[in-house]
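**Student:** I'd like to ask you about the structure that follows.
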Amino acid sequence: MSPLSALRIDDLAVAFDDEIVLDGVTGTVAPGESLALIGPNGAGKSTLIRAILGLVEPVRGSLTVLGVAPAEARLDVAYVPQSDVLDSEFPISVAQVVLMGRYRRIGWLRRPQSSDRATAMAALEQVGLASRASDRFGVLSGGQRQRVLIARAIAQQAKLLLLDEPFNGVDSTTQELIVEVLAQLRADGVAIVMATHDLSVAHLACSDACLLNRHQIAFGPIVDALTAETLQVTYGGHAVELAGGSTIVLPHGH
Amino acid sequence: MRFLVDSFTAPYMQRALIQLMLLALLTGPISVFVLLRRRSFMADALTHTVFPGVAIAFFVDQSLIIGAAIAALLSVVLLSFGLRVRRVDGDAMLIVLIGGFFSVGVVIVSRGRSFASDLNALLFGKILAVDRADIVATVVIALIVLLAVSVLAKEFITVAFDENAATAWGLPVGRLDLALNLVIALVIVASLKAVGTVLVVALIIVPAAIARVCTERIGPMICISTLAAGIGGWVGLAASYEASIRYDVRLAPGATVVLILTVGFGAAAAISAAFRRRSRAASQRLANV
């Protein structure tokens, strides 16, 4: 049975140490859709991602991932961290990092087969870094590392990708490349959830948006959800529309 | 260079060499995983926490290996619980355990009559007293540890490289770390008689450190690390024998092995730095052309 929604959240609340840190989240993400999680630091974006991964239990409401409980969906969910949290001195090649995406499908006690290597190589090709396969991961630029981590998620053949600030510290060429790769994945029916604070990229890369500041402010198609008013509520300041359609938010007093 | 062969005519020297080569097979690969997972300090702590077990076993005339194994297991378990104390960080918790366990060991040893020499043997090892039973025990431990590590290698590497993604994939990170700690404990137990509780940590860290400055790949790192541990053991043992027999300079064999490894690390680091400078200069010249 193919699930109708990649992600279905219904009145979700999550707590840490008995304190509610995220509350009232309701919405769905269908296969092929891409959701931007937008909000200030500490707004609960990471908490929501952790809940989707089944690493924190909701205190209220429900959450289904690909039609099942989050913990049961992990094989089909790929988490793409920010590349700069990884040790750049780690002695591992680009190809090995991508192959890591196969490890859970390979399972315990077994070694990667040539088919796994082929899948990893194809994924690396898709992000345009096949020629760097044998380089050490750490010698790549930040943007290239981010693309390698996306290739790892592609190699995992995940149906839902969770990205943590994928455009942080990334130059505009890489940004275009990443947006393009994500669009290809969406065309293949992969759903995407990304935490981002870059509103213009969110418009480019996402079909939907969820605005959070410890509770949900808006959730829906990005053109409806991401407005000057919702941004103002989310960030508690003034939202300013810039030439070209992008919006910035100024804190109070500016 | 003949001393590298000639030193090993006596059976006790042969047994010592066999023991050190077995330990190289064991510590070579393990040290790479310890380094990658940044568990050096943990390994150091465990070398101290096995001490009371060894001391108790020594005084009740039981197998040192069993005593060390019990103390190591106990400290790994205690540490797993200790790390859950939120207000005290992991490093501080390790120190609490090191201090507690080590002082228990010293108190026990100090009650014996031959305090100084006993303490010496426990702390710095007695490689020349290695017997057949020690070698058999090392073989058994090596089989268990190498099997565990080869089976869990890809999971260990995943956790070491990207703990967040490993958690997201549902890998049991805590249990994998516990497994690695148990492996470290077993390696310490196996190495105890050869180099003692103080120097054993060098065997578990230095080979991988040498390998890391020589290569940027995990596979070759494991090979180089094992080779370095083997060469260090062989040369160190032969050198200490040669020095004491021919030149009447008594060098403690365990410490000499560690010294050779440490010098090896210094040399490897210096050579690799020189190579990097040269290749940087070469690429700059190319860029200028």
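The values are calculated or read from the model by the stated rules, or taken from the named source; none is laboratory data. A quick note: this is a predicted structure, and the numbers were derived from the prediction, not measured. No Cβ is skipped: glycine too gets one built from the backbone with ideal geometry, and neighbour counts run over all protein chains shown.
**Student:** Of all residues in the stretch B:163-176 being in a helix (DSSP H, G or I) and aliphatic (A, V, I, L, M), which is nearest to the other protein chains (Cβ to nearest Cβ)?
**Tutor:** Step by step, filter the stretch B:163-176, then rank; the result is B:ALA168.
**Student:** Still on this model: Have a look at B:ALA160, B:ALA179, B:ALA137 and point out the one that is assigned to a helix (DSSP H, G or I), touching a residue at least 12 places away in the same chain (Cβ under 8 Å), away from every other protein chain (no Cβ under 14 Å) and not β-branched (Val, Ile, Thr).
**Tutor:** B:ALA137
**Student:** Which one is surrounded by the most Cβ atoms within 10 Å (Cβ to Cβ) among residues in the stretch A:5-41 that are over 17 Å from the mean Cα position of the chain (by Cα) and under 25 Å from B:GLU163 (Cα atoms)?
**Tutor:** A:LEU22
**Student:** Next up: Out of all the residues in the stretch A:77-115, which are of a type in the set (A, V, I, L, M, F, W, C), facing chain B (nearest Cβ under 7 Å) and farther than 20 Å from B:GLY170 by Cα?
**Tutor:** Scanning the stretch A:77-115 gives A:PHE90, A:ILE92.
**Student:** Answer yes or no: is there a residue in the stretch B:263-285 that is within 24 Å of B:VAL5 (Cα to Cα), assigned to a helix (DSSP H, G or I) and in contact (Cβ under 8 Å) with a residue 60 or more places away in the chain.
**Tutor:** No, the conditions are met nowhere in the stretch B:263-285.
**Student:** Any chance the stretch B:237-245 includes a residue that's in contact (Cβ under 8 Å) with a residue 12 or more places away in the chain and within 14 Å of another protein chain (Cβ to nearest Cβ)?
**Tutor:** So far as the stretch B:237-245 goes, no, none of its residues is in contact (Cβ under 8 Å) with a residue 12 or more places away in the chain and within 14 Å of another protein chain (Cβ to nearest Cβ).
Each row is one residue, and each column tells you yes or no for (1) more than 9 Å from chain B (Cβ to nearest Cβ); (2) surrounded by fewer than 23 Cβ atoms within 10 Å (Cβ to Cβ); (3) closer than 19 Å to A:LEU199 by Cβ.
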residue	(1), (2), (3)
A:ALA51	yes, no, no
A:VAL56	yes, yes, no
A:ALA71	no, yes, no
A:LEU75	no, yes, no
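**Student:** Would you say B:ILE70 is modelled with pLDDT of 85 or more and surrounded by 15 or more Cβ atoms within 10 Å (Cβ to Cβ)?
**Tutor:** Criteria met by B:ILE70.
**Student:** Here's something else I'd like to know. Quick check: anything in the stretch A:75-84 in a loop (DSSP other than H, G, I, E, B) and more than 23 Å from A:THR26 (Cβ to Cβ)?
**Tutor:** yes
**Student:** Another question about this same structure. Exactly one condition in (1) surrounded by fewer than 14 Cβ atoms within 10 Å (Cβ to Cβ); (2) over 19 Å from the mean Cα position of the chain (by Cα); (3) modelled with pLDDT of 85 or more is false for B:VAL77; which is it?
**Tutor:** Result: B:VAL77 passes all but (3).
**Student:** How many of the residues making up the stretch B:203-246 are of a type in the set (Lys, Arg) and over 27 Å from B:LEU46 (Cα atoms)?
**Tutor:** Total satisfying the criteria: 2.
**Student:** Hey, among B:PHE33, B:PHE8, which residue is part of a helix (DSSP H, G or I) and either in contact (Cβ under 8 Å) with a residue 12 or more places away in the chain or within 11 Å of the chain's Cα centre (by Cα) (or both)?
**Tutor:** B:PHE33
**Student:** Restricting to strands (runs of 3 or more DSSP E) lying wholly in the stretch A:1-57: which have 2 or more residues that are without any contact (Cβ under 8 Å) to a residue 40 or more places away in the chain?
**Tutor:** A:19-29
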